[in-house]
Amino acid sequence: MSQDRAAGGRMGDSSLLRRLNLAAALGAFLESESLTLRELRAIVGVSRPTAEDLLAELLTEGRVEETTPPRKPSSARGAGRPARYFRFRAESGYVAGLDIGAHKAMAVVSDLRGNTLATHRVELDPDLPGPDRVQAAVDVARASWAQAQLGADDITGIACGVTGLLSAAEGVHDVREGPVGSGLAPYSLPGFTELDVTGELSEGLGRPVTVANDVKLAALAEHWKGAARDHRDIVYMFAGHRAGAGVLIDGQVHQGRHGAAGEIGALPMLGWEAAVDRLHARGAALAAEQGVGPGREGELVIASAARQDSESLAVLIEFAEVLARGAAVLALAVDPEVVVLGGGMSRGGAIIAEPFRRELAKLTLVPIEVLSSTMGADSVALGAARMALDTVLADLLAVPGS
């Protein structure tokens, strides 16, 4: 219904009506590449004078600007004065996505259309103390802002994915905090049970930071820009320096009551920890042989297996099969459209994907398509940027008092 026509139904509250109309107009620009005044008026359902006022306000706020008309065939061009086109200014704000893991800290900067402007990454010692790891993430974030020629005042939203953190309605906490079952083997970063990660990051960056589980953010990224763009019910398997899983239901990351949905890697009987340890041990041996520093174990095993080294092949096949058993547990529980194999190890291609597919097919009731990630190790930071972007856009479209 037209917001103009709804005025009577809103008891004459012209101020509220204007805010609703303005949010609707901004939403229309966010959904379109560009709009004319006539198109804006039709979408929002207002009179021409009201549409003109809304457009003028968005132009004044710097959220919208005039742009070049889209190209049309000469036969489609009408006579008379051409219409003016306007677009949402993606550069009217910027968001940052961070990834704090055992072996790296990474940052991504995006505009409000989700276009990546800069990325920065540093390798970390897995035994680095918690405060030093957080400081490394702060430094990486600021380096990425400088790379994009931005300052802290330009950043309108920040989110961070952290290994071993759970996000629930009550807040964010380390997976090892609280009454964890004695038969489980959860993993989190060294020293993070004693840290207020959200507070430390926010203080270090001078901006509020939202913190969430890294694997769940990786799943979100895969749905946003990766292999799962066209799917809504997804099991996401993260295979990197450790293994993890996340679930999307109807396009939304499923957190669960306590933020622990998908945390099946904590079950020792699945064998994930042992398989990862064997992978790292083989990678460490190869690194020692080649004089390579730590942090590239998975990459070295994949390269060795590609050369048909039997020991490396055996280690990778075992890793893929163990990961597939965990995927089968989740697939039987949620019946997804697809299973996505992500994380840095997904770059191994068929060497990882084929044994994973074979093992998964043995353990599911119906065939499930397996997709390999198009993002690899960048997925967590990109998912964090998506989370920050969602928050910023929701705030822009919010109408107090509605």
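Once Cα Rg over 2.2 N^0.38 Å is calculated for the structure shown, the corresponding label among (i) 1.13; (ii) 1.05; (iii) 0.99 turns out to be (i). For the range 234-374, the C-alpha radius of gyration divided by 2.2 N^0.38 Å, with N the number of residues, is 1.04. Considering only beta bridges that DSSP places wholly inside the range 234-374, some 45 percent are antiparallel. Each Cα pair under 8 Å and six or more residues apart adds its separation to the average, and for the chain the resulting relative contact order is 16 percent.
Counting only DSSP beta bridges with both residues in the chain, the antiparallel share comes to about 60 percent. Helix 272-290 and the longest principal axis of the C-alpha atoms of the chain enclose an angle of approximately 80°. Compared with the dominant Cα axis of the chain, that is its longest principal axis, helix 214-225 is turned about 50°. Its alpha carbons considered, the range 205-248 gives a radius of gyration followed by a Dmax of 12.2, 37 Å. How tilted is helix 130-147 with respect to the longest principal axis of the chain? Cα atoms for both, answer in degrees (0 to 90, nearest 10). Relative to the chain, helix 130-147 is tipped by roughly 50 degrees.
At q = 0.17, 0.19 Å⁻¹ the log10 of I(q)/I(0) for the range 136-225 amounts to -0.82, -0.98, computed by Debye summation with a single uniform scatterer per C-alpha, solvent ignored. From largest to smallest, the equivalent ellipsoid semi-axes obtained for the range 267-332 from the alpha-carbon gyration tensor read 25, 12, 9 Å.
Read the figures in this text as sums done on the coordinates, not as results from a lab. Computed from a predicted structure; not experimentally measured.
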